1. On C-alpha positions alone, give me the angle between the axis of helix 115-125 and the longest principal axis of the chain, in degrees, nearest 10.
2. Report the full-extension gain for the segment residue 41 to residue 24: residue separation times 0.36 nm, less the Cα-Cα distance, to one decimal in nm.
3. Using mean Cβ contacts within 10 Å as the protection proxy, how do 145-156, 123-134, 42-53, 90-101 order, highest first?
4. Roughly how many whole Å is it from the C-alpha centroid of segment 49-120 to that of segment 23-47?
5. Just to be sure I understand: if I project the alpha-carbon convex hull of segment 68-154 onto a plane and average over all orientations, what area do I get in nm²?
6. When the C-alpha atoms of segment 109-167 are aligned to their principal axes, what extent does each axis show, in angstrom, from largest down?
7. How large are Rg and Dmax for segment 3-73 when calculated on the C-alpha trace, in angstrom?
8. Using the count of nearby Cβ atoms within 10 Å as a rough guide to exposure, how do 29, 82 rank from fewest to most?
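None of the figures in this text is laboratory data; all of them are computed from the coordinates on show. For clarity, every value in this text was computed on a predicted model and none was experimentally measured. Methodologically, a virtual Cβ is constructed for each residue, glycine included, from the backbone with ideal geometry; neighbour enumeration extends over all protein chains shown.
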């Protein structure tokens, strides 16, 4: 019997053995991998009596590797997305109302602050850093801006009333 004929018969046995444990597609893939190992590393083995146990042993190693891989990737413990639908990321009506109230309180507190504090907060909200704020507000040093910032945040906290920090 030629080696190709032996490998064809052997492939059927390998697929049957692997299909007992896995799906047909996975069994086909495993059989292909086993045949590649036989072709590359065991080309000198031609007898059917030697190839069958050798191929089954290689297949067992391949199956063990596949199991380790699926465990490592978490495929055994994965949950279908259909089983647990994703929550709606938009906030609910209560959260929106609460946020609006907080913004109204913050707006009212900011309007009661002095002009320098309102300007400082405006520049910070626009994304300017303290060096740019120092230049725009004409402060002598950056430490002056740090002091203004600290005092303005303290005043804002006092204006908000219940000790909450400004966002």
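1. 10
2. In short, 3.6 nm is gained.
3. 145-156, 123-134, 42-53, 90-101
4. The distance from the Cα centre of segment 49-120 to that of segment 23-47 comes to 39 Å.
5. Its average projected convex-hull area is 11.3 nm².
6. 33, 20, 17
7. When restricted to Cα atoms, segment 3-73 yields Rg and Dmax of 12.0, 38 Å.
8. Taking fewest neighbouring Cβ atoms as first place, the list is 82, 29.
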